[in-house]
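Everything below concerns the one structure shown next.
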Amino acid sequence: MTQSDNTGKRALVAFGLSMLVIIFFSYLQMKHQPPKTVPNQTSPVDSTANPVSKISPPSREETSLPPAKEVIVETGLYRAVFDARGGRLISLGLKHYTRKNEPRLETLLPDSSYPFGIEGENEILFVPDKERLVLSSAQTSDAITFRARKGKGTITKKFTFDNRKYGIAFELAREGLTEEKTTLTAFSSPQPLTKSRGDIEEILASSSGKVSRIRPGTIKNEAHQISGTGYLGRKTQYILTFLKPEKPLDATISEGTAGKVVSSFILKPGQSKENFYFYSGPADHQVLTKEGVDIGEILPTGPIVALSRFILGILTFFHRLLPNWGVAIILLTFLFKIVFFPLTRVSLRTMKTMQKLQPYMKDLSKKYKNNPQAMQKEIFGIYRQYRINPLSGCLPMLVQVPIFISIFILLRTAIVLRGAKFCLWINDLSMPDKLFALNLRGGEFPVNLLPFLMGGTMFFQQKLSSAGTTGMAAEQQKMMTFLMPVMLTVFLYNLPAGLMLYWTVTNLISIAEQEINTRRL
């Protein structure tokens, strides 16, 4: 085997690894599209359609009536608006994580079946004991109670708020009511998921310690009943909403009006009083931990996720030192390059030694062209003499793949980057860094600058790596020098600016690293 063959194989290995990374990113992006399959029949969700007449979502009339009286709650974290008609929550806007010209981050969908609505009772006018509630550091907790009469019975809805938490404690009392079972709405989701919103959406249902994850697009003209439900949840890219009863209740997930998917708990006769915990806020592990609610399995778990959270902790530390998330990403990049510097140096040393030995390897291939075994013996002898490990060139890449995947997940889903500015034209690290848009016949084409900078720096880095390579290996390396930057620029063009910033800075540091090491080796 010639040295050119060895170098060519290493190029193919590098190409294969890069393709695996690209396929993984494409897979992640494809996961964000609603699947065409129905929920797994072995999940805790019973896919048997229930009679809609017994458990039906709120009608269009019930959800589209104008508010009778708005009751507003202001805390340090959000602004909530309740409708006295039905005693429902019709708006919840987060005060942080907002983008440009966005007063608040709304967590509830417009024209939806609103939380805390009860089937058949959404037209009832409730009387609140307060019309407005403002919490602060001086008054950290308070409650609002809605009361109404229905026939000979009474309905009471009490909401308790905490200025330091996103969660709302909800107490429902229905006394003197003898009707059959009804439903309490937790939330609703659109169907199908629109591409313009760009969210990753799934409905979560916990039963018997197992979590069913359902995409709204899989619910079609049927009601799925779930026994002993610990909570019902809805997760998007940044927001998590869930309603958790004090003790498990039966629940239903069904298609409502206008294609909405309504998730509700079933209230049976005799259940006069129930307690719930409602949360609609950041889908962030640290925030949920502070809430103190036992729903650990509601967010993804695993080694990569754990690594992402660890890296987020480091990123948050840098942000505390210098309160700019873009600068924090750059500092994180420098940290990882320092950590992996010993491996990178070994890789570069091996590469330079192999390039110096190329003429001798070429002579060996001519000398032993009819005796491959003797040629292999000579080559391995040279490897031992010069302490060369041919695999050391790929080792830094292999070690950094889990790190890069973790950073990809982090920078794509971390709500702290939503609306976070860096500098110049980069106004939101959670969005592509659109510099301007070209008006084309088919619409606008956004010109994102960072992907081109990433591709350009990668091209220059590949150019430096291929310097000194000769023969067939040089031709293969030349192909890779042009192919990989172009492919990655196209595949990753619409990724968030935070991720592109990390990748571009990584390339720039690698270029400087190669220049310094090349002069010293």
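The values are calculated or read from the model by the stated rules, or taken from the named source; none is laboratory data. Keep in mind that this is a model prediction, so the values were computed, not measured. All Cβ positions, even for glycine, are placed from backbone atoms using ideal geometry, and neighbour counts span all protein chains on display.
Matching residues to (1) at pLDDT below 85; (2) among the hydrophobic types (A, V, I, L, M, F, W, C); (3) assigned to a helix (DSSP H, G or I):
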residue	(1), (2), (3)
Leu307	no, yes, yes
Ala328	no, yes, yes
Val346	yes, yes, yes
Thr350	yes, no, yes
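Quick test of your reading of the structure: Leu449 fulfils all but one of (1) modelled with pLDDT of 85 or more; (2) of a type in the set (A, V, I, L, M); (3) touching an Asp or Glu at 6+ places or on another chain (Cβ under 9 Å); (4) under 24 Å from Thr344 (Cβ atoms). Name the failing condition by number.
(4)
Can you name the condition, by its number, that Asn221 falls short on among (1) modelled with pLDDT of 85 or more; (2) surrounded by fewer than 20 Cβ atoms within 10 Å (Cβ to Cβ)?
If we test Asn221 against (1) modelled with pLDDT of 85 or more; (2) surrounded by fewer than 20 Cβ atoms within 10 Å (Cβ to Cβ), just (1) comes out false.
Let me spell it out: the conditions are (1) assigned to a loop (DSSP other than H, G, I, E, B); (2) modelled with pLDDT under 85; (3) within 36 Å of the chain's Cα centre (by Cα); (4) surrounded by 15 or more Cβ atoms within 10 Å (Cβ to Cβ), and Asn101 meets all of them except one. Which number is the exception?
(4)
Could you list all residues from region 287-338 that are more than 23 Å from Tyr502 (Cα to Cα) and either out of contact with any Phe, Trp or Tyr (no Cβ under 9 Å at 6 or more places or on another chain) or exposed (fewer than 15 other Cβ atoms within 10 Å of the Cβ) (or both)?
First, the residues of region 287-338 that are more than 23 Å from Tyr502 (Cα to Cα): 287-302.
Residues satisfying the conditions are Thr289, Lys290, Gly292, Asp294, Gly296, Glu297, Leu299, Pro300, Thr301, Gly302.
Restricting to region 148-190, what's the tally of residues that are of a type in the set (D, E, K, R), over 14 Å from Glu274 (Cα atoms) and either under 34 Å from the mean Cα position of the chain (by Cα) or modelled with pLDDT of 90 or more (or both)?
Total satisfying the criteria: 3.
Can you tell me how many residues in region 120-132 are under 37 Å from the mean Cα position of the chain (by Cα) and either free of Cβ contacts under 8 Å to residues at least 24 places away in the same chain or crowded, with 20+ Cβ neighbours inside 10 Å (or both)?
Here the count works out to 2.
I'm trying to understand the selection: among the residues of region 243-266, which are modelled with pLDDT of 85 or more and either outside the structural domain of Ile118 (by TED's automatic domain parsing) or among the hydrophobic types (A, V, I, L, M, F, W, C) (or both)?
Leu243, Leu249, Ala251, Phe265, Ile266
Being modelled with pLDDT of 85 or more, surrounded by 19 or more Cβ atoms within 10 Å (Cβ to Cβ) and among the hydrophobic types (A, V, I, L, M, F, W, C) is the filter here, so list the residues in region 411-430 that pass it.
Result: Ala414, Ile415, Val416, Leu417, Ala420, Phe422, Ile426, Leu429.
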